[in-house]
Structure formats: C-alpha cells, structure tokens
1. Per-residue HN-Hα couplings for the range 64-71, Karplus 6.51 cos²θ - 1.76 cosθ + 1.60 at θ = phi - 60°, whole Hz, x for Gly and Pro?
2. Of the listed pairs K42/K74; K35/K78; K49/K78; K42/K117; K12/K136; K47/K136, which have alpha-carbon separations greater than 22 Å here?
3. Out of residues 5 or more away from R3 or on other chains, whose amide H comes under 5 Å of its own, with H placed 1.01 Å from N in the peptide plane?
4. Can you list which of the GluC sites (Glu not before Pro) found in the range 10-92 are DSSP loop residues with at most 16 other C-beta atoms within 10 Å?
5. Can you tell me the length gained on complete extension of the stretch D92 to I25, counting 0.36 nm per residue apart and subtracting the Cα distance?
6. What are the ³J(HN,Hα) values, in whole Hz, obtained from phi via the Karplus relation 6.51 cos²θ - 1.76 cosθ + 1.60 with θ = phi - 60°, for each residue of the range 77-83 in sequence order, with x given for Gly and Pro?
7. Which cross-chain or sequence-distant (5 or more) residues have an amide H under 5 Å from the amide H of D92, H modelled 1.01 Å from N in plane?
8. Could you give me the ³J(HN,Hα) list for the range 24-37, computed from phi with Karplus coefficients 6.51, -1.76, 1.60 and θ = phi - 60°, whole Hz, x at Gly and Pro?
Amino acid sequence: MARIMALDYGTKRTGIAVTDELQIISSGLTTVETKTLISFLKDYFEKEKVELVLVGEPKQKDGTHSRVEEDIQKFLGKFSETFPQLPILRRDERFTSKMAFQTMIDSGLKKKQRQNKALIDEISATIILQDYLSSKS
C-alpha cells in the first residue's frame, strides 16, 4: 500500500501529515514554507509512494469559503500540472487549528512551545488526515 498525505495549506506555511504504509496511523511530517511546497513534494514523492493527497478546505462558520481558498485553487492547479497522476481530495478543515492548539495544551506543551505556528499547522494536517481515516473505517 502507499501512504496518504494531508496538507493544511496556508499562504506562508503548509503543515504536512502522512499515514504509515498500511494507512492506519496518521503522523505529522513537517511544516514547510508554502513557496517551497512543490519542490518539497517532488523530493518526497521520489522517496515515498503516495496514493492520495488530502487538502484542507477552509470554510467560515456559515459554510462559505475563507479568503485563502483563492490561493489554494492556484496551488491545486499547479499541483495537478506537476503531479497529474496523484488524486486530490478536499476535506473540511473547520476548527482544526483550535483542535491542534487544544492538543498542544492537553499534551503539556509550555506556553512558548504552543506559540509555534508551524507546529499548529503540522498538527492541523494530522487532524485532517486522522478525520479522513476515521471516516473510511
């Protein structure tokens, strides 16, 4: 089996999470600067087999798209050109940042560590991925 990857796309940083090869466990991989995301993915896909990429779909409380959606659409176009063989699935990511922050509190991270926005993005990607895995089973 191949891995599934989740991206919590942001204009500055993108959090990345992946499953194990059996698609049982989701783990945070890293956070990269969004401007280097395609390059990072090229390197990663050369080393690891990925069969699906989940991309967070940020929505407002009323269900409308957030402002970053326009940037995500541009990224998705570039992604599809660069990796035409890889399917993309969008996943609602409402409240993942709040859930990620609460996860950091629950795990006992100190206040200074909880201010690390890159870690929040990575945990958010992990939550998106875990939500997808839970919905599959």
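1. 7, 5, 7, 4, 6, 4, 4, 5
2. Numbers: K42/K74 17 Å; K35/K78 12 Å; K49/K78 20 Å; K42/K117 24 Å; K12/K136 31 Å; K47/K136 26 Å.
Correct reply: K42/K117; K12/K136; K47/K136.
3. Those lying under 5 Å, H to H, from R3 are K49, V50, E51.
4. Working: sites: E21, E33, E46, E48, E51, E69, E70, E81; in loops: E21, E48.
The qualifying sites are E21, E48.
5. Numbers: separation 67, 0.36 × 67 = 24.12 nm, distance 1.96 nm.
Separation in residues times 0.36 nm, less the Cα-Cα distance, equals 22.2 nm.
6. x, 5, 4, 5, 5, 7, 10
7. Amide H neighbours of D92: E57.
8. My calculation for the range 24-37 gives 9, 10, 9, 9, x, 9, 5, 10, 10, 5, 4, 5, 10, 4 Hz in order.
Every number here is computed from the coordinates shown, using simple stated rules; none is lab data. Keep in mind it's a predicted model, so treat the numbers as computed, not measured. Using ideal geometry, Cβ is built from the backbone for each residue, glycine included, and neighbour counts are taken over all protein chains shown.
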